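Chemist: Quick one: the structure is below, and I'll ask about it shortly.
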Ligand SMILES: Cc1cc2nc3c(=O)[nH]c(=O)nc-3n(C[C@H](O)[C@H](O)[C@H](O)COP(=O)(O)OP(=O)(O)OC[C@H]3O[C@@H](n4cnc5c(N)ncnc54)[C@H](O)[C@@H]3O)c2cc1C
Ligand code: FES
Ligand code: FES
């Protein structure tokens, strides 16, 4: 099937089977390996991308379901290499160790800040409920999101 | 984890979707948000020949006010229900239940119609739909019918939907004036699904009494049910903590609780009692507030 997507602002066309998962299309066909695969069973959030501005687990979306949509992957958050405040603050506040969960964690955080520009600690923890991290114990991630919210001053 | 091959159709209208469903029969599965179906396909627990993707059919999503309450399109996502000012105002219980489903990403994709049709005994919506006395609207080539929630959930992963029918909307009547509502849930640690979810709606009566109460319970037994014994024990009684506790003690009366890896039947029975008491108390507090 022909599948057209706008990925990180660029229009791309693919030929893929209907059963192709969005995450596989992004990694294997579009070459965007910033989106990670971990559990493959919809629970860990490592594969999170933005689909028309909504955080989704791309291992649980068929590429054909996204036909005509805008996709933002972690690569798309840093156009021209300029880091997004969330990326800067994950760096500053040690919001990552191995980094496996980080792309998904940052896009889930992006969604949270879009809906709640000034979240409480509890709201942050609720907002990243769908993302597992085996390294950090979450506290530094929460700190990083809080710092990014402050840096962004209510803007995304 | 890659699904077995299947054909894919994306009808543009409800009539086209119904025709495709008729044409492909048993071999077809409807696809809405995919957050119950895709995991099944990936695990190859389901192997349909054709998926009929109805997610973009116009007119099947969104929330509107009707003469008697709210109409929620089947394709409305959990997030849209959770965030809707209309739902939060008219039936906060439903927004509360939607907000407790899975996580942000799941709520961005999953739909109320898909959840109801899937009829997972651990899903959240059934408790709320039962307590709100909602109706599920289904279309088939023969027309449209409205199925009360009380008769819709018939067993684990079983509903009153007939082959060839598509859920188009959920209709939620306005709750009685002055009532209070609450949804409380004990979630499975890993998946977030309900081991026990209780939706309570309390209508206060004169002189500190309870005029009536409705209690929907999910996760405890299959299908989700109304705790009628609890409801009967509260009608016309003083709204005292003691009365709530005694009534809530009946919340798993006459049902056969599920017994699995997550919780034994005894534990579920106990959860039903405790969560019924807490949900009733919270609903009453909100009614007064
Ligand atoms: C990680 C994870 C956690 C979750 N946690 C929870 C939770 O805590 N609580 C909870 O309640 N749910 C939970 N869910 C399930 C989630 O709510 C699903 O979105 C929902 O059950 C199904 O909705 P859907 O739109 O995704 O349906 P789909 O997966 O698209 O469809 C489900 C089934 O219903 C049929 N169907 C779909 N739409 C219609 C229709 N309009 N008419 C007739 N049949 C239809 C399909 O053919 C299919 O058989 C979770 C899911 C995941 C992946
Ligand atoms: S890889 Fe998609 S949720 Fe874990
Ligand atoms: S940093 Fe290693 S999993 Fe999160």
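Chemist: Counting only residues that are outside any helix (DSSP H, G or I) and in contact with a helix residue (DSSP H, G or I) (Cβ under 8 Å, 6 or more places away or on another chain), which one in region B:95-106 is nearest to the other protein chains (Cβ to nearest Cβ)? Walk me through it before giving the result.
Modeler: Within region B:95-106, the subset outside any helix (DSSP H, G or I) is B:100-103.
So of that shortlist, the ones also in contact with a helix residue (DSSP H, G or I) (Cβ under 8 Å, 6 or more places away or on another chain) come out as B:101-102.
Numbers: B:101: 11, B:102: 7 Å.
Filtering first and then ranking leaves B:102.
Chemist: Could I ask something else about it? Taking the options B:132, B:201, B:167, B:136, name whichever one is in contact with a strand residue (DSSP E or B) (Cβ under 8 Å, 6 or more places away or on another chain) and near ligand 1 (Cβ under 8 Å from one of its atoms).
Modeler: Selected residue: B:167, the only one of B:132, B:201, B:167, B:136 that is in contact with a strand residue (DSSP E or B) (Cβ under 8 Å, 6 or more places away or on another chain) and near ligand 1 (Cβ under 8 Å from one of its atoms).
Chemist: Among the residues of region A:49-63, which ones are facing chain B (nearest Cβ under 9 Å), crowded, with 24+ Cβ neighbours inside 10 Å and more than 12 Å from ligand 1 (Cβ to nearest atom)?
Modeler: A:55 - this is the single residue of region A:49-63 that is facing chain B (nearest Cβ under 9 Å), crowded, with 24+ Cβ neighbours inside 10 Å and more than 12 Å from ligand 1 (Cβ to nearest atom).
Chemist: Output the residue which, of all residues in region A:35-44 that are at the interface with another protein chain (Cβ under 9 Å from one of its Cβ atoms) and either out of contact with any strand residue (DSSP E or B) (no Cβ under 6 Å at 6 or more places or on another chain) or at pLDDT below 95 (or both), is nearest to ligand 3 (Cβ to nearest atom). Let's see the steps before the verdict.
Modeler: If we filter region A:35-44 for residues that are at the interface with another protein chain (Cβ under 9 Å from one of its Cβ atoms), which is where we start, we get A:40-43.
Narrowing the set further to residues that are either out of contact with any strand residue (DSSP E or B) (no Cβ under 6 Å at 6 or more places or on another chain) or at pLDDT below 95 (or both) leaves A:40-41, A:43.
Values: A:40: 16, A:41: 16, A:43: 14 Å.
Going through the qualifying residues, I end up with A:43.
Chemist: Right, here's the next one. Kindly evaluate residue B:204 against the criterion of being more than 14 Å from chain A (Cβ to nearest Cβ), closer than 25 Å to residue B:287 by Cα and without any contact (Cβ under 8 Å) to a residue 60 or more places away in the chain. Explain how you work it out, then say what you get.
Modeler: On the way: more than 14 Å from chain A (Cβ to nearest Cβ): yes; closer than 25 Å to residue B:287 by Cα: yes; without any contact (Cβ under 8 Å) to a residue 60 or more places away in the chain: no.
For residue B:204, the condition - more than 14 Å from chain A (Cβ to nearest Cβ), closer than 25 Å to residue B:287 by Cα and without any contact (Cβ under 8 Å) to a residue 60 or more places away in the chain - is not met.
Chemist: Can you tell me which residue in region A:123-135 is farthest from ligand 2 (Cβ to nearest atom), limited to those that are without any contact (Cβ under 8 Å) to a residue 60 or more places away in the chain and surrounded by fewer than 21 Cβ atoms within 10 Å (Cβ to Cβ)?
Modeler: In this case the residue turns out to be A:123.
Chemist: Output yes when any residue across region A:81-97 is within 14 Å of chain B (Cβ to nearest Cβ) and more than 16 Å from ligand 3 (Cβ to nearest atom), and no when none is. Outline the logic, then answer.
Modeler: Filtering region A:81-97 down to residues within 14 Å of chain B (Cβ to nearest Cβ) leaves none.
The answer is no; no qualifying residue exists.
Chemist: So residue A:108 ticks every box in (1) away from ligand 1 (no atom under 16 Å from the Cβ); (2) in contact with a helix residue (DSSP H, G or I) (Cβ under 9 Å, 6 or more places away or on another chain); (3) within 14 Å of chain B (Cβ to nearest Cβ) but one. Which box is left unticked?
Modeler: It fails just one condition, (1).
Chemist: Right, here's the next one. Is it the case that residue A:31 is surrounded by fewer than 21 Cβ atoms within 10 Å (Cβ to Cβ), at positive phi and either outside any helix (DSSP H, G or I) or modelled with pLDDT under 95 (or both)?
Modeler: Details: surrounded by fewer than 21 Cβ atoms within 10 Å (Cβ to Cβ): yes; at positive phi: yes; either outside any helix (DSSP H, G or I) or modelled with pLDDT under 95 (or both): yes.
The answer is yes for residue A:31.
Chemist: Do you know which residues across region A:1-13 are more than 14 Å from every other protein chain (Cβ to nearest Cβ) and either within 16 Å of ligand 1 (Cβ to nearest atom) or assigned to a strand (DSSP E or B) (or both)?
Modeler: We begin by selecting, within region A:1-13, every residue more than 14 Å from every other protein chain (Cβ to nearest Cβ); these are A:5-13.
Those that are more than 14 Å from every other protein chain (Cβ to nearest Cβ) and either within 16 Å of ligand 1 (Cβ to nearest atom) or assigned to a strand (DSSP E or B) (or both): A:5, A:6, A:7, A:10, A:11, A:12, A:13.
Chemist: Of all residues in region B:1-24, count the ones that are in contact with a helix residue (DSSP H, G or I) (Cβ under 6 Å, 6 or more places away or on another chain) and within 13 Å of chain A (Cβ to nearest Cβ).
Modeler: Just the residues of region B:1-24 that are in contact with a helix residue (DSSP H, G or I) (Cβ under 6 Å, 6 or more places away or on another chain), to begin with: B:1, B:3, B:8-9, B:11.
Cutting the leftovers down to within 13 Å of chain A (Cβ to nearest Cβ) gives us B:1, B:3, B:8-9.
Of the residues in region B:1-24, 4 are in contact with a helix residue (DSSP H, G or I) (Cβ under 6 Å, 6 or more places away or on another chain) and within 13 Å of chain A (Cβ to nearest Cβ).
Chemist: Among the helices (runs of 4 or more DSSP H) lying completely within region B:26-94, list those that include at least 2 residues that are farther than 12 Å from residue B:111 by Cβ and within 13 Å of chain A (Cβ to nearest Cβ).
Modeler: Working: elements: B:37-42, B:78-83, B:85-90.
Of the helices (runs of 4 or more DSSP H) lying wholly inside region B:26-94, those with at least 2 residues that are farther than 12 Å from residue B:111 by Cβ and within 13 Å of chain A (Cβ to nearest Cβ) span B:37-42, B:78-83.
Chemist: Find the residue count for region B:1-54, including only residues that are more than 19 Å from residue B:162 (Cα to Cα), free of Cβ contacts under 8 Å to residues at least 40 places away in the same chain and surrounded by 14 or more Cβ atoms within 10 Å (Cβ to Cβ).
Modeler: Qualifying residue count, region B:1-54: 4.
Chemist: Exactly one condition in (1) surrounded by fewer than 21 Cβ atoms within 10 Å (Cβ to Cβ); (2) more than 16 Å from ligand 2 (Cβ to nearest atom) is not met by residue A:148; state its number.
Modeler: Status for residue A:148: all satisfied but (1).
Chemist: Of everything in region A:22-38, what is within 16 Å of ligand 1 (Cβ to nearest atom) and in contact (Cβ under 8 Å) with a residue 60 or more places away in the chain? Give them in sequence order. Give the derivation first.
Modeler: Step one: list which residues in region A:22-38 are within 16 Å of ligand 1 (Cβ to nearest atom), which gives A:22-23, A:37-38.
Of everything in region A:22-38, just one residue is within 16 Å of ligand 1 (Cβ to nearest atom) and in contact (Cβ under 8 Å) with a residue 60 or more places away in the chain, namely A:38.
Chemist: Would you confirm whether any residue within region A:68-77 is more than 9 Å from every other protein chain (Cβ to nearest Cβ), within 12 Å of ligand 2 (Cβ to nearest atom) and under 15 Å from residue B:109 (Cβ atoms)?
Modeler: Within region A:68-77, not a single residue is more than 9 Å from every other protein chain (Cβ to nearest Cβ), within 12 Å of ligand 2 (Cβ to nearest atom) and under 15 Å from residue B:109 (Cβ atoms).
The values are calculated or read from the model by the stated rules, or taken from the named source; none is laboratory data. Just so it is clear, the structure is predicted and the values come from calculations on it, not from any experiment. In this analysis, Cβ positions are derived from the backbone assuming ideal geometry, glycine residues included, and neighbour counts consider all displayed protein chains.
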